[in-house]
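> Sending over a structure as structure tokens; questions will come in a sec.
The values are calculated or read from the model by the stated rules, or taken from the named source; none is laboratory data. As the structure is a prediction and not an experimental result, all values here were calculated from the model. Using ideal geometry, Cβ is built from the backbone for each residue, glycine included, and neighbour counts are taken over all protein chains shown. The protein model used for the area step is the full one, side chains on, heavy atoms only, and it has no ligands, DNA or RNA in it. Shrake-Rupley method; radii C 1.70, N 1.55, O 1.52, S 1.80 Å.
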Amino acid sequence: MIKNLHTLTFTHHHFDVADIGKLHIPTDQLQLRLARVKENMRIDEIMLLSTCNRVEFYLVQNQALCSDFIEDFLSAVYPQFSSHELGFYTSRVLCFSKSEVARHAMRLASSIDSLIIGEREIITQVREAHELSRKIGLSGDTLRLLFRHTIETAKAVYTQTKISQKPVSVVSIAYQQLSKLEIPKNARVLAIGAGVTNTAMLRFLKKHGLSNFSIFNRTLANAEKLATELSGKAYQLNQLKSFTNGFDILVTCTGSNTSIVDLNLYTQLLQGDTSSKIIIDLALPGDVDSRIIQIQNTHLISIEVLQKISDNNLSERSHEIMHVEQIIETALEEYRNLAKMRAIEVAMRPVPEMVKNIRDTAFNEVFKADIHQLDAASVAILEKVVGYMEKKYMSMPMIMAKEIMFKS
């Protein structure tokens with residue numbers, strides 16, 4: 001089983017995200033495109049893992065990976081690619097075969113090969129990718145055994161190590177800092193910007209119970225889209241100076257090169273409120289004028305502080321990698337034994353039918369006349385003896401094969 005495992009890997013290590021994006025296959029096209037390739041290229045099993053920073057093909061086949069095969073495979077999967085594009089991807093692809101496929105899959109699912117070490121989302125992505133390939137008939141027993149053990153190994157990693165315990169995304173760290181301040185669930189959130197970072201931050205706040213959102217953005221449509229998701233209110237950015245509803249938390253992240261919120265605007269937004277306010281400034285450079293922090297009653301959570309915490313947490317996660325690698329090496333040896341056992345089981349599948357055929361031939365042809373001369377009681381005893389021997393002979397080859405395997 002292991003000897004037929006192969007992987008074609010396109011990741012952030014060797015490709016830009018835009019180049020990886022060209023390899024993504026929509027889910028509704030997956031079955032048709034890969035089933036055709038699987039049949040035409042005589043591949044036994046195939047699975048696609050596709051994330052924001054990687055595309056990987058797991059193959060089960062007798063043919064070894066070589067440049068010609070890889071280019072033919074990519075040409076079949078991506079018929080729209082030019083010869084230049086095929087050459088580009090073929091020359092940079094990272095390939096694994098045999099047990100190295102298992103080691104790679106376990107490192108991947110355990111997040112030590114991820115763009116961000118310790119991010120647990122990858123284990124879900126691996127599991128869902130395998131479940132989909134099995135559901136649409138692309139993968140079978142070999143990949144089932146591989147990914148069942150891979151998922152079990154990743155779960156052990158997350159349980160037995162600290163690889164994922166400290167957050168490294170600025171959004172999760174920002175919320176962690178915010179939660180220490182015991183903010184009430186009815187806190188008024190004023191958000192400036194509806195980009196990726198602010199969207200992630202506001203989703204985090206909604207997930208943890210906050211519900212009062214006012215969102216300002218240069219493009220009103222984007223603010224409206226996010227406001228609909230959060231059950232909040234959307235405004236054009238130029239309406240900020242006339243906003244009179246006040247706020248408790250200011251969340252801002254824009255692409256501006258200068259401060260969006262100066263001292264005058266901030267004072268206007270306060271509407272005379274003197275209570276302490278929280279500012280989460282996720283922009284670089286900052287959206288909030290530094291004088292506001294010096295003069296006003298505020299608690300600042302800045303991107304600079306968040307990034308330092310993120311770097312420290314990432315460093316601590318990196319220290320866990322050696323422990324993770326030890327778990328993976330143990331799991332890899334277990335997988336090799338499981339694969340050997342499974343190969344023996346597959347090889348032994350014909351044995352029961354073979355023994356049954358021998359029995360039927362003995363009773364119905366070779367010893368038919370002799371058996372007819374026996375009385376009913378003798379025939380019954382004979383069938384019991386033969387049945388007993390039949391069961392023993394079916395189990396003995398498996399027992400002997402296991403003993404040989406574990407001695408080798």
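> All but one of (1) within 15 Å of residue 50 (Cβ to Cβ); (2) touching an Asp or Glu at 6+ places or on another chain (Cβ under 6 Å) hold for residue 90; which doesn't?
Going through the list (1) within 15 Å of residue 50 (Cβ to Cβ); (2) touching an Asp or Glu at 6+ places or on another chain (Cβ under 6 Å), residue 90 breaks only (1).
> Inspect all residues belonging to region 122-129 and state whether any of them is touching a residue at least 24 places away in the same chain (Cβ under 8 Å), of a type in the set (Gly, Ala, Ser) and more than 29 Å from residue 316 (Cα to Cα).
yes
> Regarding residue 369, is this residue farther than 30 Å from residue 279 by Cα, modelled with pLDDT of 85 or more, touching an Asp or Glu at 6+ places or on another chain (Cβ under 8 Å) and assigned to a helix (DSSP H, G or I)?
No, not satisfied.
> Moving on. Go through region 54-90 and report how many residues are out of contact with any helix residue (DSSP H, G or I) (no Cβ under 7 Å at 6 or more places or on another chain), among the acidic types (Asp, Glu) and more than 21 Å from residue 32 (Cβ to Cβ).
Total satisfying the criteria: 2.
> Return a yes/no flag: does region 83-99 have any residue that is small (Gly, Ala, Ser) and under 24 Å from the mean Cα position of the chain (by Cα). Reasoning before the result, please.
Within region 83-99, the first condition is being small (Gly, Ala, Ser), and the residues that meet it are 83, 87, 91, 97, 99.
With the extra rule that they be under 24 Å from the mean Cα position of the chain (by Cα), the set shrinks to 97, 99.
Checking region 83-99: at least one residue is small (Gly, Ala, Ser) and under 24 Å from the mean Cα position of the chain (by Cα).
> In region 165-180, which residue that is touching a residue at least 12 places away in the same chain (Cβ under 8 Å), polar (S, T, N, Q) and in a helix (DSSP H, G or I) is farthest from residue 281 (Cα to Cα)?
179
> Another question, if that's okay. List the number of the failed condition for residue 157; all other conditions in (1) open to solvent by less than 20 Å² (accessible area, probe 1.4 Å); (2) more than 26 Å from residue 204 (Cβ to Cβ) hold.
It is condition (2) that residue 157 fails.
> When residues of region 209-239 are filtered for being assigned to a loop (DSSP other than H, G, I, E, B) and open to solvent by 60 Å² or more (accessible area, probe 1.4 Å), how many remain?
4
> Write out, first by first residue and then by second, each pair whose Cβ atoms fall under 9 Å of each other, whose residues are 6+ apart or on separate chains, and whose first residue, in region 269-280, is part of a loop (DSSP other than H, G, I, E, B) while the second is crowded, with 19+ Cβ neighbours inside 10 Å.
These pairs meet every condition: 273/247.
> Looking only at region 148-156, decide whether some residue is in contact (Cβ under 8 Å) with a residue 12 or more places away in the chain, under 18 Å from the mean Cα position of the chain (by Cα), in a helix (DSSP H, G or I) and over 14 Å from residue 102 (Cβ atoms). Walk me through it before giving the result.
Of all residues in region 148-156, those in contact (Cβ under 8 Å) with a residue 12 or more places away in the chain come to 149-156.
Still in the list and also under 18 Å from the mean Cα position of the chain (by Cα): 149-156.
After this cut, where a residue has to be in a helix (DSSP H, G or I) as well, the list is 149-156.
Among the residues that remain, those that are also over 14 Å from residue 102 (Cβ atoms) are: 155-156.
The answer is yes; a qualifying residue exists.
> Within region 306-320, restricting attention to residues that are open to solvent by 20 Å² or more (accessible area, probe 1.4 Å) and in contact with a helix residue (DSSP H, G or I) (Cβ under 8 Å, 6 or more places away or on another chain), which residue is farthest from residue 285 (Cα to Cα)?
Initially, region 306-320 is screened for residues open to solvent by 20 Å² or more (accessible area, probe 1.4 Å), giving 307-309, 311-312, 314-316, 318-320.
Retained after the next criterion (residues that are in contact with a helix residue (DSSP H, G or I) (Cβ under 8 Å, 6 or more places away or on another chain)): 307, 309.
Details: 307: 13, 309: 18 Å.
So, considering only residues that are open to solvent by 20 Å² or more (accessible area, probe 1.4 Å) and in contact with a helix residue (DSSP H, G or I) (Cβ under 8 Å, 6 or more places away or on another chain), the one farthest from residue 285 (Cα to Cα) is 309.
> A further question on this structure: Assess whether residue 360 counts as being open to solvent by 80 Å² or more (accessible area, probe 1.4 Å), over 30 Å from residue 101 (Cα atoms) and either modelled with pLDDT under 85 or in a helix (DSSP H, G or I) (or both).
On the way: open to solvent by 80 Å² or more (accessible area, probe 1.4 Å): no; over 30 Å from residue 101 (Cα atoms): yes; either modelled with pLDDT under 85 or in a helix (DSSP H, G or I) (or both): yes.
Taking the combined requirement at face value, the residue does not satisfy it.
> Would you confirm whether or not region 97-106 contains a residue that is small (Gly, Ala, Ser), under 20 Å from residue 10 (Cβ atoms) and part of a helix (DSSP H, G or I)?
Yes, the conditions are met somewhere in region 97-106.
> Here's a follow-up. Name the residue, out of 78, 89, that is open to solvent by less than 50 Å² (accessible area, probe 1.4 Å), without any contact (Cβ under 8 Å) to a residue 60 or more places away in the chain, hydroxyl-bearing (Ser, Thr, Tyr) and more than 30 Å from residue 330 (Cα to Cα).
On the way: 89 fails: without any contact (Cβ under 8 Å) to a residue 60 or more places away in the chain.
Just one listed residue meets the conditions, 78.
> Right, another one. Would you please name the residue that is surrounded by the most Cβ atoms within 10 Å (Cβ to Cβ), looking only at residues in region 130-154 that are under 30 Å from residue 319 (Cβ atoms), among the aliphatic types (A, V, I, L, M) and out of contact with any strand residue (DSSP E or B) (no Cβ under 8 Å at 6 or more places or on another chain)?
154
> Looking only at region 181-208, filter to residues that are more than 20 Å from residue 240 (Cα to Cα) and part of a loop (DSSP other than H, G, I, E, B); which one of those is modelled with the highest pLDDT?
Across region 181-208, the extreme among qualifying residues is 186.
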